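What follows is a short report on a single structure.
The values are calculated or read from the model by the stated rules, or taken from the named source; none is laboratory data. Predicted model only: the values in this text are computed from it and were never measured. With ligands, DNA and RNA removed, areas are computed over all heavy atoms of the protein, side chains included. Shrake-Rupley method; radii C 1.70, N 1.55, O 1.52, S 1.80 Å.
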Amino acid sequence: MKLKQVGGQTQRDIQQYTITVIAGTASPDVIILLHAFMEFWDFLQALTITFIMHNKIKCALQESHDHKHVIIEGGLCHGQQTNTVLHWHIPKLELTQSVTPSIEQVSSLLQWSADTTEHAHIKVVKDPASATNQNYESQICWCLDCLKKC
């Protein structure tokens, strides 16, 4: 399956059944790693990050670090040309290192989720735009004609 852009509800739906689908075929360490990493990302979606949630985030991240060696050892990480990647220098994964320090300093990470922004965009831009006359070209020409007459 090749999904070009997955986000929001679709991503959460896929995460819910990924572990079940790979159970019995992947090694227990791979399942633990993926489960911990998915928990990590799920915990980050909380609207409020309490002290307890912060500890859960730290534990999930640590557990994923404790088991990440199975990905490299199993040759499970591939680059664009399907060459096996032998390192963890992946910018989006390295960015996870700044999560818990940011929580300690700011107390939330809403920027990790586009859901809030996307929801606002739908309510503020898409819904009102769909309720208007969308004959843009004639409206622009009419406005330009009015400006010429002035």
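Take Leu95: with every protein chain present and a 1.4 Å probe, its accessible area is about 90 Å².
Counting only heavy atoms of the protein chains and using a 1.4 Å probe, His87 has close to 80 Å² of accessible surface.
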